[in-house]
Amino acid sequence: MTMMKRVESVDELKALALEMREDIVKMICAAGSGHPGGSLSEVELLTALYFRVLRHDPKNPQWRDRDRFILSKGHGAPALYAALAHAGYIPREMLMTLRKLGSPLQGHPDKRMLPILEASTGSLGQGISIGIGTALAAKLDQLDYHTFVMIGDGESQEGQIWEAAMFAPFHKLNNLTVIVDNNRQQLDDFTDVILSLKPFAEKWKSFGWNVEEINGHDFGQVIPALESARANKSERPTCIIANTVKGEGVSFMANNVKWHGVAPKPEERDAALKELEALKV
Amino acid sequence: MNPTASMKATTTKFELKMGKATREAYGEALAELGRKNPNVIALDADLAKSTFSATFGKEFPGRFYTVGIAEANMVGIASGLALSGKIPFASSFAVFLVDKGYDQLRMCVAYPHVNAKFVGSHGGISIGEDGPSQQSVEDLALTCALPGFVVIHPADEHSARALVHRMAEHVGPCYMRTGRAKAAVIYSPSDTFEIGKAKVHGDGADCAIIACGFEVGYALQAQAQLEEEGVSVRVLDMHTLKPLDDAAVAKAARECGAIVTAEEHLLDGGLGARVAQAAAKSHPVPMEMVGVRDTYAESATPEQLMEKYGLTAPYIVQAVRDVLKRK
Ligand SMILES: Cc1ncc(C[n+]2csc(CCOP(=O)(O)OP(=O)(O)O)c2C)c(N)n1
């Protein structure tokens, strides 16, 4: 089995992240609807996963031993689709068919239309439970693949998250890692205004998880955190709280709740692309 | 989540005048209720801007709770408020409110029969691009399976507004489905509506089309088209699915001898199934049913989806032609 080649250079990863941001802005604009804010906040985390940390092979997406990645916050699908395109799972041109009739790139991840996805998501709160299932199966089958699940901070208000949070440490699922895209916003407002999760890290710790808090846009922190979770030798699952900025990379989207679920108009797309272009070295 | 999409069928000459989305009318009616009754409380699960409960929230911040992304908790809280004499209106997308809150709707609301009101927006597949995870095609069947519930699915802004007021007056649990897209204007602000009483359009006696929600607009287009073909039909806007207007179904069956139903919902347990049950008891006649057939839809524009899944006026016209052959 050939594995996906790891990208060792951080500069190269940064360049990939920028291209994915451009793709996200373009594809949501072309679709005319979608969720730019929570897609842009995921980018470094997905880049590090797909080009550095995950054991996977785009030529063999159903490989038994592949690491599993489940996007529980399904509305962030554009970032995942961009990562899958850059990794070679789907053609990059396909990105512009997002949300169009017949496209494999549905508004939220849809396994019927794109079978390489690990799960169909879009109703928040359910991804960790699915990840527990795949992690349990790995233990049962004595396989050494790792399961990563990405959730949102707003999503963490769902009760099922905490049912799952209780289960995984009890069953010593050290082959499971939850990544929280902690951009501090949800749909209607900032999470601290709607229903605060504080003290967030302490909650996970008290449920029995290894918890690490990082800057989710800094590869210098993202890569070591994901790699050590992947190599976890303790008896606990890992929760990485990645502090991020919703809309990161585009000044007028960053930290602005308006951009949760609105597509940029062509002028706004062009303004965003100009800013991203200026970030290129 | 933007209110610009509209539900215009493309293939008939009878043009519908588009008005507000029923979800927007819900927000306005809720604010009207808030002004009349200090016991009206609104709750939402992080979709207040989309369900338009935010319209109430802006005016009455002290009586408005956004509970977070926690639908089951919201339904339970509504139950407790109702048990304490408040009139809670809890809203979210239909699919999250009903599917995630179902055990709570059953145990905390239907079973003890408390006076709580629930409004699920973004019903059906006409929400478009967000895809099946956000498209509710089962909420009407699920809520009709809650004993003692009133279940309402209005066709336009005026009926929605009036029926929100009827829900508040009714003592007991209620569910209303609203839509995301702009809805055709079918009524005027002075039209009156009663829970459980169908609105009848025309007196055609070849066939009755019984519809709810957006399908009422399509049914009226089908009626106009069929008229040109020399087939005279009447349209029943069955805005209340439960309690169903059994008398209106019996009368339509007796006088027309054929029924077509149309709903933006799975055919399992929705309007068609309920009308068939009523007609079977009173006056069985041949029936055809327009609705979503045992599948989840997909992402696309509202118009494309209504077309692809067979819910627009031409499909109703065809269903009438089919049922007439069996008369
Ligand atoms: C169960 C459920 N309730 C409501 C929604 C509607 N919704 C979509 S995204 C969102 C906010 C999510 O916030 P968060 O998890 O923090 O994600 P992010 O801020 O990264 O977009 C909501 C309420 C949903 N998809 N699922």
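All of the numbers you see were taken from the coordinates with simple rules; none came from a lab. Since the model is a prediction, treat every value here as computed from it, not as a measurement. Glycine also receives a Cβ, built like all others from the backbone with ideal geometry; neighbour counts cover every protein chain displayed.
If you take each beta carbon of peptide B:298-306 and count the beta carbons of other chains within 10 angstrom, what is the mean? Numbers along the way, then the final one.
Working: counts 10, 16, 7, 5, 0, 0, 3, 1, 0.
Rounded to a whole number, the mean comes out at 5.
Based on the Cα coordinates of chain A, what is the per residue volume of their convex hull in Å³? Write out the running numbers ahead of the final one.
Values: hull volume 32.6 nm³, N = 281.
Dividing the Cα hull volume of chain A by its residue count gives 116 Å³.
Applying 1/(1 + (r/R0)^6) with R0 = 25 Å to the Cβ-Cβ distance of A:PHE190 and A:ASN215, what FRET efficiency is obtained, to the nearest 0.05? Let's see the in-between values first.
Details: r = 19 Å, r/R0 = 0.75.
It comes to 0.85.
Kirkwood Rh over alpha-carbon pairs of the stretch B:196-324, then Stokes-Einstein at 20 °C and 1.002 mPa s: what D in µm² s⁻¹, rounded to an integer?
On the way: Rh = 14.3 Å.
For the chosen part, D equals 150 µm²/s.
For the stretch B:24-64, what is the convex hull volume of the alpha-carbon atoms per residue, in Å³?
In the stretch B:24-64, the Cα convex hull volume per residue is 52 Å³.
Please order B:VAL119, B:VAL285 by the number of other Cβ within 10 Å, starting at the fewest. Present the calculation step by step, with values, prior to reporting the outcome.
Working: B:VAL119 31, B:VAL285 21.
Ascending number of Cβ neighbours within 10 Å: B:VAL285, B:VAL119.
Dividing the convex hull volume of the Cα atoms of the stretch B:1-160 by its residue count, what figure in Å³ per residue is obtained? Numbers along the way, then the final one.
Values: hull volume 19.1 nm³, N = 160.
Once divided by residue count, the hull of the stretch B:1-160 is 119 Å³.
Counting only C-alpha contacts under 8 Å and six or more residues apart, can you give the relative contact order of chain B as a whole percent?
Numbers: 796 pairs, mean separation 62.3, N = 327.
19 percent.
Over its Cα atoms, what ratio of radius of gyration to 2.2 N^0.38 Å does the protein assembly as shown give? Each step should come with its number before you reach the end.
Numbers: Rg = 25.4 Å, N = 608, 2.2 N^0.38 = 25.1 Å.
For the protein assembly as shown, the normalised Cα radius of gyration comes out at 1.01.
List the aspartates and glutamates whose Cα sits under 16 Å from the Cα of A:LYS139, skipping any in the same chain fewer than 8 residues away.
A:LYS139 reaches A:ASP65, A:ASP67, A:GLU235.
What does the helix-only formula give at 222 nm for the protein assembly as shown: each DSSP H stretch with n ≥ 4 adding -39500 (n - 2.57), the total divided by the residues, and the result rounded to the nearest 500 deg cm²/dmol?
On the way: 22 runs with 228 residues, N = 608.
Computed mean residue ellipticity for the protein assembly as shown: -11000 deg cm²/dmol.
Which cross-chain or sequence-distant (5 or more) residues have an amide H under 5 Å from the amide H of B:HIS239, H modelled 1.01 Å from N in plane?
B:LYS199
Which order results if B:LYS325, A:LYS205 are arranged by neighbouring Cβ count within 10 Å, fewest first? Before the final figure, lay out each step's value.
Numbers: B:LYS325 8, A:LYS205 14.
Least crowded to most crowded, the residues run B:LYS325, A:LYS205.
Counting only other chains, and only Cβ atoms inside 10 Å, what mean value do you get across the residues of A:100-109?
That works out to 5 on average.
Just the Cα atoms of the stretch A:96-151, one point each, no solvent: what log10 I(q)/I(0) does Debye give at q = 0.17, 0.24, 0.27 Å⁻¹?
-0.64, -0.96, -1.06
Return the inverse of the average 1/r over all pairs of distinct C-alpha atoms in chain B, which is the Kirkwood hydrodynamic radius, in Å to one decimal. Can you show the working numbers first?
On the way: mean 1/r = 0.0516 Å⁻¹.
Result for chain B stands at 19.4 Å.
Between B:HIS113 and B:THR295, how many nm apart are label points set 7 Å from Cα along the C-beta direction?
The answer from the label model is 4.2 nm.
If you build the Cα gyration tensor of the stretch B:10-80 and take the root of 5 times each eigenvalue, what three semi-axes come out, in whole angstrom, biggest first? All intermediate terms of the calculation are to be shown ahead of the outcome.
Values: eigenvalues 168, 50, 19 Å².
Semi-axes (√(5λ), whole Å): 29, 16, 10.
Out of the GluC sites (Glu not before Pro) in the stretch A:1-104, which ones are loop residues according to DSSP with at most 14 other C-beta atoms within 10 Å? Mind dumping the intermediate values first?
On the way: sites: A:GLU8, A:GLU12, A:GLU19, A:GLU22, A:GLU42, A:GLU44, A:GLU93; in loops: A:GLU8, A:GLU42.
Sparse-neighbourhood loop GluC sites (Glu not before Pro): A:GLU8.
So how strong a dipole does the protein assembly as shown carry about its Cα centre when Lys and Arg Cβ are +1 and Asp and Glu Cβ are -1, to the nearest 20 debye? Please report the intermediate quantities before stating the final value.
Details: 65 positive and 74 negative charges, 135 e Å.
Rounded to the nearest 20 debye, it is 640 debye.
Within 10 Å of each Cβ in A:120-128, how many Cβ atoms from other chains are there, averaged over the peptide? Present the calculation step by step, with values, prior to reporting the outcome.
Working: counts 4, 1, 7, 8, 8, 6, 1, 0, 0.
Rounded to a whole number, the mean comes out at 4.
When DSSP beta bridges are limited to those with both residues in chain A, what percentage is antiparallel, rounded to the nearest 5? Don't jump to the answer; show the numbers that get you there.
Working: 1 of 23 bridges.
Of those bridges, close to 5 percent are antiparallel.
Which trypsin sites (Lys or Arg not before Pro) in the stretch A:62-107 sit in a loop by DSSP (not H, G, I, E or B) and have at most 12 other Cβ atoms within 10 Å of their own Cβ? Could the numbers behind the result be given before it?
Details: sites: A:ARG64, A:ARG66, A:ARG68, A:LYS73, A:ARG92, A:ARG99, A:LYS100; in loops: A:ARG64, A:ARG66, A:LYS73, A:ARG99, A:LYS100.
Hits after loop and neighbour filter: A:ARG64.
Quick one: angle between helix B:313-325 and the longest Cα principal axis of chain B, in degrees between 0 and 90, rounded to 10, please.
50
Can you return the aspartates and glutamates within cross-link range of B:LYS327? Criterion is Cα-Cα under 17 Å, with same-chain partners fewer than 8 residues away left out.
Cα-Cα hits under 17 Å: B:ASP206, B:GLU255, B:GLU288.
Straight-line reach only, C-alpha to C-alpha below 17 angstrom: list the aspartates and glutamates that B:LYS100 could link to, leaving out same-chain residues fewer than 8 apart.
A:GLU155, A:GLU158, A:GLU163, B:ASP44, B:ASP46, B:GLU71, B:GLU138, B:ASP139
If you average 1/r over all unlike Cα pairs in the stretch A:1-133 and invert the result, what Kirkwood radius do you get in angstrom? Don't jump to the answer; show the numbers that get you there.
Numbers: mean 1/r = 0.0670 Å⁻¹.
So the Kirkwood estimate lands at 14.9 Å.
Over the stretch B:196-324, how many pairs of lysines fall under 18 Å by alpha carbon, counting only those 8 or more apart in sequence or from different chains?
Details: B:LYS197/B:LYS242; B:LYS197/B:LYS251; B:LYS199/B:LYS242; B:LYS199/B:LYS251; B:LYS242/B:LYS251; B:LYS242/B:LYS281; B:LYS251/B:LYS281.
Value for the stretch B:196-324: 7.
Compute the whole-percent fraction of alpha carbon pairs in the stretch A:1-77 spaced more than 16 Å apart. Mind dumping the intermediate values first?
On the way: 1658 of 2926 pairs.
In whole percent, the share of Cα-Cα pairs in the stretch A:1-77 beyond 16 Å is 57.
Please determine, in degrees from 0 to 90 and to the nearest 10, the orientation of helix B:246-256 with respect to the longest principal axis defined by the Cα atoms of chain B, where the helix direction is its Cα long axis.
On a 0 to 90 degree scale, this one is about 10.
What percent does the relative contact order of chain A come to when contacts are Cα pairs within less than 8 Å and at least six residues apart?
Relative contact order of chain A: 23 percent.
Beyond 22 Å between alpha-carbons counts as too far, so tell me which of B:LYS17/B:LYS117; A:LYS246/B:LYS49; A:LYS73/A:LYS111; A:LYS14/A:LYS233; A:LYS100/A:LYS246; A:LYS5/A:LYS59 fall in that bin. Spell out each step's value before the answer.
On the way: B:LYS17/B:LYS117 30 Å; A:LYS246/B:LYS49 19 Å; A:LYS73/A:LYS111 15 Å; A:LYS14/A:LYS233 29 Å; A:LYS100/A:LYS246 25 Å; A:LYS5/A:LYS59 12 Å.
Check vs 22 Å cut-off fails for B:LYS17/B:LYS117; A:LYS14/A:LYS233; A:LYS100/A:LYS246.
Percent antiparallel among DSSP beta bridges with both residues in the protein assembly as shown, to the nearest 5? Walk me through the numbers before you get to the answer.
Numbers: 7 of 65 bridges.
Taking every DSSP beta bridge within the protein assembly as shown, about 10 percent pair in antiparallel fashion.
Which translational diffusion coefficient, to the nearest whole µm²/s, is obtained for the stretch A:50-125 from the Stokes-Einstein equation, given a Kirkwood hydrodynamic radius over C-alpha pairs, 4 °C and 1.567 mPa s?
Values: Rh = 12.7 Å.
Answer from the Stokes-Einstein relation: 102 µm²/s.
Counting only GluC sites (Glu not before Pro) that are in a DSSP loop and have at most 15 other C-beta atoms within 10 Å, tell me the longest site-free stretch of chain B. Don't jump to the answer; show the numbers that get you there.
Numbers: sites that count: B:GLU15, B:GLU194, B:GLU229.
Longest run free of exposed loop sites: B:16-193.
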